[in-house]
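Peer 1: Please read through the structure below; I'll follow up with questions.
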């Protein structure tokens with residue numbers, strides 16, 4: 001009787017262990033963007049802006065488009081707060097620099113403007129790891145070229 005109970009208990013534990021192992025096998029590991037990395041990206045973008053006397057707003061978002069870090073440099077226009085966030089989210093959603101969308105519109109693909117909540121102007125860059133967008137940076141406050149220059153400086157620290 002004792003051996004039978006032991007065998008049933010052992011079998012039950014084996015089933016639980018197998019079920020747990022199966023559940024672990026279904027989970028996906030992914031890289032994520034930390035606050036420390038977001039701050040490092042923003043600091044590099046800010047340094048680039050500072051070297052050129054540009055007042056920028058710098059936004060870093062995670063893989064869901066959620067705000068991780070936002071910095072508004074002294075003197076940056078208020079409208080750039082929204083624009084920098086939109087640039088970051090657009091780059092994330094489309095897994096490409098926002099300049100690509102700007103260029104597409106310039107080549108006559110006007111349907112892009114009907115997509116909705118996008119920013120089809122330079123200054124948004126996705127952070128890509130193994131073909132997946134794990135976050136993005138968006139910069140606004142200067143000309144499109146200036147915004148992009150600062151965003152590229154920020155992105156360079158994360159790769």
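What follows is calculated from the coordinates using simple rules that are stated; it is not laboratory data. On a predicted model such as this, the values are computed, not experimentally measured, just so you know. Quick reminder, even Gly has a Cβ in these numbers, built from the backbone with ideal geometry, and neighbours come from all protein chains shown.
Peer 1: Pop a pseudo-label 7 angstrom from the Cα along the beta-carbon direction at both residue 28 and residue 66 and give the gap in nm to one decimal.
Peer 2: Here the answer is 1.7 nm between the modelled labels.
Peer 1: Obtain the nm distance between the two label points defined at residue 117 and residue 77 by a simple spin-label model: each point lies 7 Å from its Cα along the Cα-to-C-beta direction.
Peer 2: 2.3 nm
Peer 1: While we're on this one: Okay, which of region 134-159 sit inside 20 Å, backbone N to the point 7 Å along the Cα-Cβ direction of residue 107?
Peer 2: Output list for this probe position: 145.
Peer 1: Once you put a point 7 Å from the Cα of residue 156 and another 7 Å from the Cα of residue 52, both along the Cβ direction, what distance in nm separates them?
Peer 2: About 1.2 nm, to one decimal.
Peer 1: Can you give me the Cα centroid spacing of region 52-89 and region 94-136 in angstrom?
Peer 2: 16 Å
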